[in-house]
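Notes to accompany the following structure.
The values are calculated or read from the model by the stated rules, or taken from the named source; none is laboratory data. Remember, it's a predicted structure, so these values are computed and weren't measured experimentally. Here the Cβ is made from the backbone with ideal geometry for all residues, glycine too, and neighbour counts use every protein chain on show. SASA here: full protein model, heavy atoms, side chains in, ligands and nucleic acids out. Shrake-Rupley method; radii C 1.70, N 1.55, O 1.52, S 1.80 Å.
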Amino acid sequence: MIPIPSGTRVWLATGHTDMRKGFDGLALLVQETLKRDPHGGHLFVFRGKSGGLIKVLWHDGQGMCLFAKRLERGRFIWPSPVDGTVA
């Protein structure tokens, strides 16, 4: 289990993301599209087009972390885009 500090916000990037992106590409999306600081300690969650893969970007105070989860069956249910983010 990875301890996430209380008060940490989770931001969902609505729509789908090119899941070939890594640390730098996702951090750039956070800055340019979501208008947030990727080093601010919040979690930023991205979903692939098929819906079976998510990636989570998080700066833990020491460095950037990138987590991924792929479903063997089914897909992640995602909210409809309003302004690009859901907090």
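Quick notes on this one:
- Surface accessible to a 1.4 Å probe, residue 16 within the full protein complex, Å²: 110 Å²
- Accessible surface of residue 43 - all protein chains present, 1.4 Å probe, nearest 10 Å²: 20 Å²
- For the chain, the set of trypsin sites (Lys or Arg not before Pro) satisfying both a DSSP loop assignment and a count of at most 14 other C-beta atoms within 10 Å is given as 9, 20, 35, 49, 73, 75.
- Stretchable slack from residue 32 to residue 20, in nm (0.36 nm times residue separation minus alpha-carbon distance): 2.6 nm
- Antiparallel bridge percentage (DSSP; both residues within segment 1-68; nearest 5): 75 percent
- The chain - charge dipole about Cα centre, Lys and Arg +1 at Cβ, Asp and Glu -1, debye rounded to 20: 360 debye
- Modelled spin labels at residue 66 and residue 4, positioned 7 Å past Cα toward Cβ, are 1.9 nm from each other.
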